[in-house]
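Report on the structure given below.
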Amino acid sequence: MHYMQVPSQVEYERATSVEHALSLLSRPDTRVVAGGHSLIPMMKLRLAQPEMLVDINGLAELAYIKLDGDQLRIGALARHADLLNSAVAGERFPIFHDAERVVADPIVRLWGTVGGSLCQADPSEDLSAAFAAARATAVIRGQDGDRMVPVREFHLGPYETVIGRGELLAEVRVPVRPGTGSAYEKVARRVGDWSVAAVGAVLCLSGGLGRNPQVIESAGLGLTAVGAEHFVAAEAEAFLVGQPPGEDSFAAAGAIAAEHCHPVADQRGPEDYKRHLVAELTARALRRAADRARLKP
Ligand SMILES: Cc1cc2nc3c(=O)[nH]c(=O)nc-3n(C[C@H](O)[C@H](O)[C@H](O)COP(=O)(O)OP(=O)(O)OC[C@H]3O[C@@H](n4cnc5c(N)ncnc54)[C@H](O)[C@@H]3O)c2cc1C
């Protein structure tokens, strides 16, 4: 097969403020460029042909990771490496450190952004599943202000999100709850590669004091690269609530997640292998998330 290796003609503007970016984005066929690690290759292959690129790399006000009350707030321009190196994110949500350790390679991580990962809406994007598991909220900014969209409703399908003309993703907010543990487990063919399959788990445990048995109060399960609707294993999550955290419930949740996802056979493996991975990785992620939850007050 023969592909073009040069993008078609495109206008370029470097945004000097969020307001400037939003006004440029109100023009038709205009796209944000953040790290460019996904968009530029797609333009070279002419899978994307925007008329104008709005470069947001100068917008330092969108690059932060901070704890604010009971929310972890991550600016859309935070780089993968920033999330990997953030002590506050790692302490509250080890799932993000687990995931970032296996996103691509250090070069991509240094420049690729959290916002670009979510907006790319590639079914294999690791952070989409991690944020879905954590029940995060996307803050979408337009000229009329912000609107909040749960990450679980942010993706409309492969390479499609709810972001409209004149808008950009400004921030991702993750609710912080006590008694929570989280983990991300990925299988790739080689270091730095996209997932064959991956699973993120966020567990909130209660009880375990005196004679009260410990139970799962809430469970978030995100699946990567296996055709899960909105990256979520909803049936397995529902099963887990009220269960004791242990090997039996984790294995049962894995079987449910594997049954309800929709992997397709490709160069990374056949469908039944991917389902097998979902079952196994779900149990592993739940086990690690529960261990981490128990270590916390
Ligand atoms: C070799 C290689 C290996 C990779 N491996 C992995 C992997 O294993 N796992 C994984 O998850 N990812 C992987 N990636 C993808 C990488 O994580 C993403 O390409 C990158 O993080 C996307 O972010 P970006 O900032 O580069 O986005 P860009 O390429 O700049 O943009 C991607 C899309 O998002 C839009 N966009 C960006 N920011 C915003 C915003 N704030 N608001 C609205 N729209 C926005 C752009 O318009 C574009 O449509 C890999 C990439 C490469 C090149």
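Worth a mention:
- In Hz, Karplus ³J(HN,Hα) per residue of the range 223-239 (6.51, -1.76, 1.60; θ = phi - 60°; x = Gly, Pro): 10, 10, 6, 10, x, 7, 4, 6, 6, 10, 9, 5, 5, 5, 4, 4, 4
- Normalised contact order of the range 135-269, rounded percent, pairs of Cα under 8 Å and 6 or more residues apart: 17
- Within the listed set 130, 121, 238, the Gaussian network model of the chain (springs between alpha-carbon atoms below 10 Å) gives the highest mean-square fluctuation for 238.
- Angle in degrees between helix 271-294 and the longest Cα principal axis of the chain, rounded to the nearest 10: 70
- Couplings 3J(HN,Hα) for the range 85-96, derived from phi with the Karplus relation 6.51 cos²θ - 1.76 cosθ + 1.60 (θ = phi - 60°), are 8, 7, 5, 5, 5, x, 5, 7, 9, x, 3, 6 Hz, where x marks Gly and Pro.
- Of the trypsin sites (Lys or Arg not before Pro) in the range 156-250, those whose Cβ has at most 13 other Cβ within 10 Å and which sit in DSSP loop: 165, 189, 190, 211
- Length-normalised contact order of the range 207-281 in % [C-alpha pairs under 8 Å, at least 6 apart]: 29
- Near the amide H of residue 228, within less than 5 Å, lie the amide hydrogens of 262, all on another chain or at least 5 residues away, with H placed in the peptide plane.
- Close amide H partners of residue 76, meaning residues 5 or more places away or on another chain with modelled amide H under 5 Å apart, are 171, 172.
- For residue 122, the residues whose modelled amide H falls within less than 5 Å of its own, excluding neighbours fewer than 5 places apart on the same chain, are 159.
- With only the Cα atoms considered, the chain has a convex hull volume of 125 Å³ per residue.
- Ligands, DNA and RNA aside, residue 119 has an accessible area near 50 Å² when probed at 1.4 Å.
- The length gained on full extension between residue 14 and residue 241, counted as 0.36 nm times the residue separation minus their Cα-Cα distance, comes to 77.0 nm.
- Convex hull projection area averaged over all views, the range 8-167, Cα basis, nm²: 9.0
- Cα centroids of the range 111-145 and the range 71-102: 13 Å apart.
- Label-to-label distance for residue 148 and residue 295 is 3.1 nm, based on points extended 7 Å past Cα in the beta-carbon direction.
The values are calculated or read from the model by the stated rules, or taken from the named source; none is laboratory data. All figures in this text were calculated on a predicted structure; none of them were measured in a lab. Here Cβ is always computed from backbone atoms with ideal geometry, including for glycine, and neighbour counts include all displayed protein chains. Calculation scope for accessible area: heavy atoms of the full protein, side chains included, ligands and nucleic acids excluded. Shrake-Rupley method; radii C 1.70, N 1.55, O 1.52, S 1.80 Å.
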